[in-house]
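The values are calculated or read from the model by the stated rules, or taken from the named source; none is laboratory data. Source: prediction; values computed, not measured. Positions of Cβ are backbone-derived with ideal geometry, glycine not excepted, and every protein chain shown enters the neighbour counts. To get the accessible areas, we keep the full protein, side chains included, count just its heavy atoms, and leave off ligands, DNA and RNA. Shrake-Rupley method; radii C 1.70, N 1.55, O 1.52, S 1.80 Å.
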Amino acid sequence: MEQGAHAEALPHDVPPPEDATVDDWARDDAEPMSMDSGASHAEVAAADSTADAPPAPAPAAEGVKEIQSSLQSLELKANVAAQQDPQEVENEVEETKRHLNVVFIGHVDAGKSTAGGQILFLSGQVDDRTIQKYEKEAKDKSRESWYMAYIMDTNEEERVKGKTVEVGRAHFETEHTRFTILDAPGHKSYVPNMISGASQADVGVLVISARKGEFETGYERGGQTREHVLLAKTLGVTKLVVVINKMDEPTVKWSKERYDEIESKMVPFLKSSGYNVKKDVQFLPISALVGANMKTRMDKSICSWWDGPCLFEVLDRIEVPLRDPKGPVRMPIIDKFKDMGTVVMGKIESGTIREGDSLLVMPNKSYVKVIGLSLDESKVRRAGPAENVRVKLSGVEEEDVMAGFVLSSTANPVGAVTEFNAQLQILELLDNAIFTAGYKAVLHIHSVVEECEIVELIEEIDMKKKKTDPKKKSKRKPLFVKNGAVVVCCIQVNNLICVEKFSDFPQLGRFTLRTEGKTVAVGKVVEIPPAGSPTF
């Protein structure tokens, strides 16, 4: 009786703000009760309950206790009500920690999956029992040292070969940051998968094996270390953490000489790939298998010469360029599926997506409405730049959406073109190949993979002259170019694709050209046809 009266009376006594919800009221009111406040609440309740009721004798001690207990149960219900809106709660969590995508890159067998698995174990994402299960599985297949990688490598093909084929995904948190790990495959024939992983990453962790012979194999021409670094830079991975792994290996034994040798070979190469080594690259030694120098700093008894931070500290402190939450929406779609509507997945590169928004799927110009949003399985009402999201849409069928399409704002839609001008750096052409008009390759730009043709070489840029006199333009229109050349050219594709000028949206304006499983050039879009036109 009293409880009901109290619950009804309260809203009359305290008029709620117009936009307040029951949840807000419950949350504001649900403060922990001390015994004193209990008594005063009891008096208020008693006063409230007597307001409309006939006069009654003052409550006895038991009565007060009864009122207190009923108030506490009311409070519990209020607390439950406050917690029942996961979207509200999720939105609060969302704003307290920044989110970053980390891609693990490097040569096959450098220990990328093992490092990813160890991070998940150390951050409490995987329990001991699961680890024991994986240890037994790995032992049964005579692959004892692979058990940590099993956390990241989930399909049977990966476990049998010990190679990551798909881009594995997992989540962990440090003090200030929520991370999504993208474990990119390192084997030569899987580079396209690595491209789809790196194109969504903010930070790259380049894993290098310190074991005698393994670093050299990965670093030589044809090894994946070089190609991955170039791809990472082109795909917009601005910050690189170079972890020198397997330092506990018998041929290395935490040797400072070996660590220094690898660092001294990598630094000039990283510089030539476009990284500012002082500002954007951090080297550190680890052992992914035993977890040394990963979550906690190095034990001096194991490695006396290392005074630097551990991997978790480096990742937590890394600064990445901010994307614009108020900019036009740009979300390249990497996958789609059907679930009571069409659900598209991708990373928001610009702008903020909210439930109820009207957006455009390009290039097929489908007007859609956002009917649901989720981050890491949790429903949210909105999501901003750098978040990996699943967006449920109405207004488009699942079969009409493809990877490579872009979810964009209606007021300022992404360009859809069949040709564009680009500045290319030629890396390494296949034997006897000539880069000239008519050259064909496979274009990888954000989540698009499309066959393309070079239709015209516009000018070759002499980088040496450009440095001495940046305003002077080369007049030479080349017929062909060789390895190492920088050239502006016109590229054509058969189907409409969504691209932007690199200067406007770097994430949608940088790309790689590949031929027969090899990256032959990296580039950026410098000019696109006028709005609404697919060609110049």
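Things to note:
- Some residue of region 269-284 being within 22 Å of Thr519 (Cβ to Cβ), modelled with pLDDT of 90 or more and over 28 Å from the mean Cα position of the chain (by Cα): no
- In region 271-299, the residues that are on the phi > 0 side of the Ramachandran plot reach residues that are among the hydroxyl-bearing types (Ser, Thr, Tyr) and not in a loop (DSSP other than H, G, I, E, B) with C-beta atoms within less than 9 angstrom, at least six apart or across chains, in these pairs: Gly274/Thr234; Asn293/Ser287.
- Members of region 251-281 found to be open to solvent by less than 60 Å² (accessible area, probe 1.4 Å), in a loop (DSSP other than H, G, I, E, B) and closer than 30 Å to Gln425 by Cβ, listed by number: Ser273, Gly274, Tyr275
- Hits in region 100-119 (condition: open to solvent by 10 Å² or more (accessible area, probe 1.4 Å), within 16 Å of Gly291 (Cβ to Cβ) and modelled with pLDDT of 80 or more): Gly111, Thr114
- Summed over region 301-323, the residues that are open to solvent by less than 80 Å² (accessible area, probe 1.4 Å) and charged (D, E, K, R) give a count of 3.
- Filter result for the condition that a residue is under 19 Å from the mean Cα position of the chain (by Cα), open to solvent by 50 Å² or more (accessible area, probe 1.4 Å) and among the charged types (D, E, K, R), over Glu399, Glu387, Glu377, Glu428: Glu377
- Residue count for region 375-404 satisfying the condition of being at pLDDT 90 or above, in contact with a helix residue (DSSP H, G or I) (Cβ under 9 Å, 6 or more places away or on another chain) and in a strand (DSSP E or B): 3.
- Among the residues of region 518-532, those identified as open to solvent by 30 Å² or more (accessible area, probe 1.4 Å) and either within 12 Å of Glu428 (Cα to Cα) or modelled with pLDDT of 85 or more (or both) are Lys518, Lys524, Val526, Glu527, Ile528, Pro530.
- Any hit, region 370-384, residues being in contact with a strand residue (DSSP E or B) (Cβ under 9 Å, 6 or more places away or on another chain) and under 30 Å from Glu451 (Cα atoms): no
- Summed over region 345-365, residues that are crowded, with 18+ Cβ neighbours inside 10 Å and over 22 Å from Arg178 (Cα atoms) total 6.
- Take the conditions (1) touching a residue at least 60 places away in the same chain (Cβ under 8 Å); (2) closer than 30 Å to Gly204 by Cβ; Arg381 misses just one of them, which is (2).
- Test for Met298: is it out of contact with any helix residue (DSSP H, G or I) (no Cβ under 6 Å at 6 or more places or on another chain), within 29 Å of Val417 (Cβ to Cβ) and surrounded by 19 or more Cβ atoms within 10 Å (Cβ to Cβ): no
- Tally of residues being closer than 18 Å to Pro285 by Cβ and either in a loop (DSSP other than H, G, I, E, B) or touching a Lys or Arg at 6+ places or on another chain (Cβ under 6 Å) (or both) across region 110-126: 3
- Strands (runs of 3 or more DSSP E) contained entirely in region 432-510, each with at least 3 residues that are more than 30 Å from Asp335 (Cα to Cα) and at pLDDT 85 or above: 448-461, 486-499
- When we screen Ala288, Ala292, Ala210 for residues that are crowded, with 18+ Cβ neighbours inside 10 Å, within 22 Å of the chain's Cα centre (by Cα) and modelled with pLDDT of 90 or more, the only hit is Ala288.
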